[in-house]
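Notes for the one structure printed next.
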Protein chains: 2
Amino acid sequence: MKLSAYTDVCLRVLMTLAAAEGERVTSQQIADRIQVPYNHVIKAVAELRRRGTIEVLRGRNGGATIAEAGLDQRVGELVRALSSRDEVIDCAGHETGVPCPFAADCRLREALARAREAFMAELDLLTVRDLVRPGRAGATGPVSLGLPAMGSHAATV
Amino acid sequence: MKLSAYTDVCLRVLMTLAAAEGERVTSQQIADRIQVPYNHVIKAVAELRRRGTIEVLRGRNGGATIAEAGLDQRVGELVRALSSRDEVIDCAGHETGVPCPFAADCRLREALARAREAFMAELDLLTVRDLVRPGRAGATGPVSLGLPAMGSHAATV
């Protein structure tokens, strides 16, 4: 079971900015920190800005910062919005061009829709702020932005 | 949010055999009924047989039938087993070769694991038998195996 690579990148961008609250971070800096190609970060930044979860200032001292609304955003709500077009399985044949013959009246399809909602409801228990909050006693927090770059930037997402 | 195409095919094969309980169905017949390439069906049939959910008889009058254990199989349990290697997002960088720098101690990763389990738990409320049971008053059941073939067989799954 997978979320789309696009949803993944959006979440990583938002967590990066949440962890760097107050700091202005350029798209190139985000790309370096999360090890994702620059052009994917650009798209995610544009979408998150459109949703009001981040603010972007242009120019020499520009960069993105997380908005208050972004910190308060329920994770399930965000994932639901970013993957609104996905079906859990491709009943309608969007990818194959061939709809499943069972699609019209299928118990599995209904069950998968309920399961998807249970998945999102679980994520709704957390806000973006919760994701970057240090969780365990003595832990320094989840986001170690100072980590050295691992591997190349040629990740396909 | 998607299940893998492989899990999808396995579910369709199992539903086809559940709907045709008592009948022996060849892999080619299954492929025709669910509109999925023959070689994908072959793989799914082998796996489902290995798991004891279907029985396969070779030879002229051969074919697959669903086992009692297959009818009683919890859907979540099956999906969990078929997608055991999947992470909800590619934290470890299996696809990109670049692990996420947050991966080691990430609140999101933990939340996604809980959400995945909520998804499976919802599917565990049903058995395979439930999936092919007529649901609504007056409905003839979910699986209309007599449907004419739609589109080509060139589906990529």
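The values are calculated or read from the model by the stated rules, or taken from the named source; none is laboratory data. Because the structure is a prediction, the values reported are computed rather than measured. We place every Cβ from the backbone using ideal geometry, glycine too, and count neighbours over all the protein chains shown. These accessible areas exclude ligands, DNA and RNA; they are computed on the full protein's heavy atoms, side chains included. Shrake-Rupley method; radii C 1.70, N 1.55, O 1.52, S 1.80 Å.
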R0 of 25 Å, Cβ-Cβ distance A:GLU21-B:HIS94: FRET efficiency to nearest 0.05 | 0.25
How much of the accessible area of the stretch B:5-131, probe 1.4 Å, is carbon plus sulfur, in whole percent?
-> 47 percent
Provide the net charge surrounding A:ALA46, with neighbours chosen by a C-beta distance below 14 Å and charges set as Lys +1, Arg +1, Asp -1, Glu -1.
-> +3
Here the stretch B:119-131 yields Karplus 3J(HN,Hα) values (6.51, -1.76, 1.60; θ = phi - 60°; whole Hz; Gly and Pro given as x) of 4, 5, 4, 5, 5, 5, 5, 10, 9, 4, 4, 4, 5
With r defined as the distance between the Cβ atoms of A:ILE42 and A:GLU117 and R0 fixed at 25 Å, what FRET efficiency is calculated, to the nearest 0.05?
-> 0.20
Can you give the mean number of other chain Cβ atoms that lie within 10 Å of the Cβ atoms in peptide B:109-115?
-> 6
Taking only the alpha-carbon atoms of the stretch A:5-131, the convex hull volume per residue, in cubic angstrom, is 111 Å³
HN-Hα couplings for the stretch B:59-72 via Karplus (6.51, -1.76, 1.60; θ = phi - 60°), in whole Hz with x for Gly/Pro, come out as x, 4, 9, x, x, 9, 10, 7, 7, 4, 4, x, 5, 8
So how much accessible surface do A and B hide from each other in total, probe 1.4 Å, in square angstrom to the nearest 100?
-> 5300 Å²
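Partner chain Cβ atoms within 10 Å, averaged over the residues of A:88-96 - can you pull that number for me? It would help to have the intermediate numbers written out before the result.
Numbers: counts 8, 9, 6, 2, 0, 4, 0, 5, 11.
Taking the mean over all residues of the peptide, I get 5.
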